[in-house]
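Take a look at the structure set out below.
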Amino acid sequence: MITHESSLENFTEQFEYVLDNYTSHGLGVDDFDNIVLGGLGGSGIGAVLAKNWFFDKCPIPIESVADYHLPKYINRKTLVVLNSYSGNTEETLQMFEEAKAEGCHIIILTGGGKLKELATANNLKTYDLAGGYQPRMTVGFGLSIICMILGELLGTDYTPVIEGVKEHFEKNLSRQKESGTRIFDFFKNTPRKKFVIVCDREFAPVAVRFTQQLNENSKLEGFVNVLPEANHNVIESYIDRLDTNFIMLYSTNNERVTARFDFLISHLELSNNKVLPLQIPEYTLASIFDVIYRLDWVSVHFANELGSDMMNVPIIMNLKGFLSDLEIIEED
């Protein structure tokens, strides 16, 4: 299994793989009424990121699903894109069966397993993923391929965009890694405090991605609050000094939201809270990947500092064993 550090040191290989292996699906947005992107964990975060990126670009609804069931509205005019790196994620396999039963057009991303077998048996368009990675370290594959799929659907070739992301990383990899180290150093003395990532709509999926990496890699708690909504409720809980590491992750796209961050940062710092502002001047696919990469390094640094086993998730595996032992009783 490829280590987390190696995955990050060689991150551009994922973009190169996508550019070398992507093939056309030949579909157009007018063929569909809606799109559903399905997947769990490291295989699902690409769907969440892609849905958010195409928020103001796609004329039909896009939904991301991390569950056993697809929305009731799916039908023959629904495009369903399912991603499971292992190919054996039980929720994703259930989504496949529902999509097939409703006659949806299905596209598969997978590294093998049962999902690959089903895709082959049903002659479905399939994008094979390179093997050997931890699923949560494959966001370069997942997000890039989904962007290529949706871009082609909309009549836009995302090849130059992914090439641009790859070139950005080739030029800035050492700087990005150093940035991750500086963020880690900022919180190094308070590693056991819970992390709260306050973000805007643009970077909300990136914040979710970071908390997932903190959970699985560092075995730390992480939570996400999104502005402006959290200013209508959560802000009232920010009283005095809290047992929390705050990261403010936001774009410059909305001046009113930026002003809300200015207020909140000042409010928290007045009570000597630990607050790191990360305002990202550009909202591009490259900047999304850039922040993901830097924060991935933060989770790796915390894991190494705390002696956490990044390669194993014993509680998750215990849960899977528990679920597999359950007896399914069907009612008459």
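Since every read-out is calculated from the coordinates, none of them should be taken as a lab result. Note that this is a predicted model, so its numbers are computed, not measured. We place every Cβ from the backbone using ideal geometry, glycine too, and count neighbours over all the protein chains shown.
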Considering Cα pairs under 8 angstrom that are at least six residues apart, work out the relative contact order of the stretch 143-272 and quote it in whole percent.
-> 23 percent
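Ratio to report: Rg/Rh of the stretch 179-314, with Cα atoms as the point set and Rh obtained by the Kirkwood method; give two decimals.
0.96
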Ranking of 20, 309 by count of other Cβ atoms within 10 Å, fewest first | 20, 309
Simple spin-label estimate for residue 75/residue 315, 7 Å along Cα→Cβ, in nm, reads 4.3 nm
Karplus ³J(HN,Hα) for the stretch 185-193 (6.51 cos²θ - 1.76 cosθ + 1.60, θ = phi - 60°; Hz, whole; x = Gly/Pro) runs 4, 4, 10, 4, 7, 10, x, 8, 6
Short version: ³J(HN,Hα) in whole Hz for each residue of the stretch 204-209, in order, from phi by Karplus 6.51 cos²θ - 1.76 cosθ + 1.60 (θ = phi - 60°), x for Gly and Pro, what are they?
-> 4, x, 5, 5, 4, 4
Mind giving me the FRET efficiency for residue 262 and residue 305? R0 is 35 Å, r the Cβ-Cβ distance, nearest 0.05 is fine.
-> 0.65
Estimated 222 nm signal from helices in the chain, with DSSP H stretches of n ≥ 4 weighted -39500 (n - 2.57), rounded to 500 = -15000 deg cm²/dmol
When only Cα pairs under 8 Å and 6 or more residues apart are kept, what is the percent relative contact order across the chain?
-> 17 percent
By counting other Cβ atoms within 10 Å of each Cβ, how are 110, 258 ranked from fewest to most?
-> 258, 110
If each part is reduced to its alpha-carbon centroid, the stretch 162-201 and the stretch 300-328 end up apart, in Å, by 24 Å
Give the long-range amide H neighbours of residue 194: residues separated by 5 or more places, or on another chain, with amide H under 5 Å away, using H modelled in the peptide plane at 1.01 Å from N.
-> 245
Additional length obtainable on full extension of the chain from residue 272 to residue 237, 0.36 nm per residue less Cα span = 11.1 nm
Near the amide H of residue 199, under 5 Å away, which other amide H atoms are found, from residues 5 or more places off or on another chain, if H is placed in the peptide plane?
-> 225, 226, 227, 249
Karplus (6.51, -1.76, 1.60) ³J(HN,Hα), θ = phi - 60°, over the stretch 259-273, in Hz, Gly and Pro reported as x | 4, 5, 5, 4, 4, 5, 4, 4, 4, 6, 5, 4, 9, 6, 6
Please identify the GluC sites (Glu not before Pro) of the stretch 70-103 that satisfy two criteria: DSSP loop assignment and at most 16 other Cβ atoms within 10 Å. Which are they?
-> 102
